[in-house]
1. By how many nm would the segment from A:S161 to A:K114 grow when fully extended, if each residue of separation counts as 0.36 nm and the alpha-carbon distance is taken off?
2. Of all DSSP beta bridges in the protein assembly as shown, what percent run antiparallel (nearest 5)?
3. Taking amide H atoms as placed 1.01 Å from N in the peptide plane, list the residues 5 or more away in sequence, or in a different chain, whose amide H sits under 5 Å from that of B:I81.
4. Distances over 14 Å make up what percent of all Cα-Cα pairs in chain B?
5. Would you work out which of A:A185, A:Q84, A:A104 lies farthest towards the positive end of the dipole of chain A? Charges go on Cβ: Lys and Arg +1, Asp and Glu -1.
6. Kindly provide log₁₀ I(q)/I(0) values, in the same order as q = 0.10, 0.13 Å⁻¹, from the Debye equation applied to equal alpha-carbon scatterers of the protein assembly as shown.
7. Go ahead and run the numbers for FRET between A:T184 and A:A67, Cβ-Cβ distance against an R0 of 25 Å, rounding to 0.05.
8. Return the calculated 222 nm mean residue ellipticity for chain A, to the nearest 500 deg cm²/dmol, obtained by summing -39500 (n - 2.57) across DSSP H runs with n ≥ 4 and dividing by the residue count.
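Bear in mind these aren't lab numbers, they're just calculated from the coordinates by the rules spelled out. What you see is a predicted model; the values in this text were computed from it and never measured. Backbone-built Cβ (ideal geometry, glycine too); neighbour counts: all protein chains shown.
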Amino acid sequence: MSTENSATGAGTGTAPLPPMHCLRHLEPGPPRLAALPTGTPVWLVSRHADVRQVLTDPRLGRAPLYAPDAPPLMVTPNILDDPQSMLNIDGTEHQRLRRTVQRAFTPRAIARWKPWVASVVESLIDELIDRGSPADVVGAYTRPLPVAVISRLMGLDNLDSKRLAHWSDHALSTTAYSAEAIGTAMTEFAAFGAEVIADRRADPGEDLVSSLLAAAAEDGSITEGQLIALVIGLVVAGHETTMTSLGNALVYLLQDGHEAWQRLASDETSAAAATEQILRAVPLGDAAEHMPGLLRRTVEDVEIGGVVIPAGSVVAADTGSANQDPEVFTGDLRTELFSPLAAPMLTFGAGPHHCLGAWLARMELELALHRLARRLPALRMADPVEDIDWRRGLLTRSPNALRVAW
Amino acid sequence: MTGPAGTEPVVVRVDRDRCIGSGMCALSAPGSLALDADGRARPVAEYADAGAELTDGLAEAVEYCPVEALALHSARGGYRIAPAE
Ligand code: HEM
Ligand code: SF4
């Protein structure tokens, strides 16, 4: 596996990558055996009902993926492989940790932020328009929006966006960086997390970090390592995925899906429906290349979709193909963009680890698409899709920059 | 038990289209809610029809459901107790 790829730069001599809405999916079918890039055997699960089972059935977990007898999952482990991370803790221990932050992320709690998020969206659009056409919509909009939102929630006023981008790229690297570079970046990032925690203990405020520390102190069972992993995990998860989704949504909407742009501008309800469909149909990363799905490991024999998967097996829940399963979803983005989902999409996962930030991400995407379409009805991509400079070698793939004109 | 709410029997309803099967409610209130084989929560029998005591665990389960799929109703009056409308 190449370690020369860089998270920035398209590389030379390679064929242009297809945009994310054009990726091909595994045809949904019964669980089948394949291998991870490490050579570890993995059961690929692809049908909608089976993926949901893998993610909700207590006989499969995240913690067993990091047990002493577990096989190697990643050639170069990243932040998602930290056993102290909330994602890698199961059962009541996971519940206690998640409860320190859950109340801030319920649909009602998130809805209270809407007017403020809308004001950030509007001021970023003002700045974009001031810069003049053409402009880079990633640098001016899709990246700063989620960074501003998570910084405000967590009270990180002085977060340096360059350092943040450096940490995030390393945190979600698959092939872009060496193990050593990732290790160094994660040590620095953890030191930053520890500093934020020390500050808020000394001087608590109204922010998410202060409230999660208060909840953890009341609980008493949560370790310092878990708290640090939670704080830095929130910083990365809170912006990276939303930025990726928004960037890839614009690649679709400003090109192949352009006839929908006007309707997106018309009302928030249409924008909300389109957001759900885009989240369903446009994956965040290249499944085949980096990670075939959300990983779990069986703690006992489990029958999934008619196949008995033995205890101790690694299972990958391919949410991308489940989201296209013809048994539950009909039609494609072009015909269904504004239709309600026929079944719940699995982009945010399911079960105990269902994305904490799902409602926040939805709100940001909805507002970002609706307001941009309203303010810039003639927005279009300035360069052909083939010329897009993609961020590579990471778990997610999105444009590094995207020139747009109006 | 806290206040008058505890004296009144309650039923709990699960919006099964919304439930993402986190299993959190079954951990907080195993006497009131269980996770089905299809990965969705279901009230145990007495909390589904006749109503039973509102425990701290059940109140917590309703408050912490990540997708707000749980609602508490008065077993006698039928009106919703939580979350507030
Ligand atoms: C479009 C945007 C997003 C997508 C597609 C997404 C997707 C996901 C998925 C699939 C999982 C589950 C992983 C698994 O089960 O293996 C997850 C977990 C998580 N997400 Fe997100 N996410 C997004 C935005 C956010 C935001 C904005 C935040 C934070 C504010 C966030 C915080 C988290 C956390 C903390 C977890 C771990 C939950 C746990 O283990 O209990 N995510 N996300
Ligand atoms: S807590 Fe909510 S989402 Fe989780 S299983 Fe119970 S009802 Fe479903």
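1. So the extension gain works out to 14.6 nm.
2. 90
3. Sorted by chain and number, the residues that satisfy this are B:L72, B:H73, B:S74.
4. 57
5. A:A104
6. So the normalised log intensities are -0.79, -1.39.
7. 0.40
8. Here the helix-only value at 222 nm equals -14000 deg cm²/dmol.
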